[in-house]
1. Mind listing whichever residues of segment 164-183 are closer than 16 Å to VAL107 by Cα, within 13 Å of the ligand (Cβ to nearest atom) and buried (at least 18 other Cβ atoms within 10 Å of the Cβ)?
2. Filter segment 121-139 for residues that are surrounded by 20 or more Cβ atoms within 10 Å (Cβ to Cβ) and away from the ligand (no atom under 16 Å from the Cβ) and give the result.
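Derivation of every value follows stated rules applied to the coordinates shown; laboratory data play no part. None of the values given here were measured: they were computed from a predicted structure. So basically every Cβ, Gly included, is an ideal-geometry build from the backbone, and we count neighbours across all protein chains shown.
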Amino acid sequence: MKLARFSYEGRTSIGKVLGDGIVDLEPVIPGVNGSMRTLLTKLPELRAAIEAHSGTAIPLSAVKLEVPVNDPQKCLAIGLNYEKHAQEGEQMGIPRPAVQSWFAKCVSALNGPFDPINLPRVSEQLDYECELAYVIGKRCKHVRAEEARDVIAGYMVANDVSVRDWQLRSPTTMIGKSFDTHAPMGPWLTLADEVPDAENLGIRTYVNGEERQNSNTNDLIYGIGAQIEHLTAVMTLEPGDIILTGTPSGVGIVLGKWLKAGDVVRIEIDTLGHIENVVRAEP
Ligand code: MN
């Protein structure tokens, strides 16, 4: 099942995607009020009704898709987690981390799957990073890698948009990763039971149709299980929390190509769909 947040006729709701249509789930998820975090918290009890619900499908072309999880408690991301990307980092003088390298991406940066990305007023070093994102479905702490699948609600396509000068001139990455609009994701949340192997999916970035990144999640250095074991040694993960798994090689800083106003950035992951965002000057 694919769950999307969408706006239609002045209202934002959650629906299930069926082919090129979406069925509003409002009648069977009372009290959710368009909050994916709330829905995920209640999903064990609501799931049967959601699956059984058959309403009129609205064409996807008639709705605006919104960021699937609008109100997570946190959004975390791991850096330098694909082998070839770690190599290109080393070539630029960024040492390969000896342990999992985590940073927070502030939730105020969340953005819809087809909404504009801001070219900041204070930088021209705007860059893309295609990433597989997963969303936590169950409150958890001290999860072993082998059991990590049980706490994942589903998967999304994400762009870990980065402002390189702000990122690299500070000892922590957070500030250059958290500009408004710099966490577009979606187009919907594909629930985990529809993704038999999240660590074997093709992942690609195109800028104005030109291929920039083309890899597979089977090249992750630290897999999803190891990530969840590491994170939950430290903190409780909650339903709705979003985790980005790193980007492969081919980022703009290495190619010497920054994103400019008017550029169209498309990121796709096998079976999860695509997101597409236009760069605009920050209003
Ligand atoms: Mn990243």
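1. Those that are closer than 16 Å to VAL107 by Cα, within 13 Å of the ligand (Cβ to nearest atom) and buried (at least 18 other Cβ atoms within 10 Å of the Cβ): THR173, GLY176, LYS177, SER178, HIS182, ALA183.
2. VAL135, ILE136, GLY137, listed by residue number.
Rundown of residues vs (1) under 19 Å from GLU83 (Cα atoms); (2) of a type in the set (A, V, I, L, M, F, W, C); (3) more than 14 Å from the chain's Cα centre (by Cα); (4) surrounded by fewer than 24 Cβ atoms within 10 Å (Cβ to Cβ), yes/no style:
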position: TRP188; (1), (2), (3), (4): no, yes, no, no
position: ARG212; (1), (2), (3), (4): yes, no, yes, yes
position: MET235; (1), (2), (3), (4): no, yes, yes, yes
position: GLU238; (1), (2), (3), (4): no, no, yes, yes
position: LEU244; (1), (2), (3), (4): yes, yes, no, no
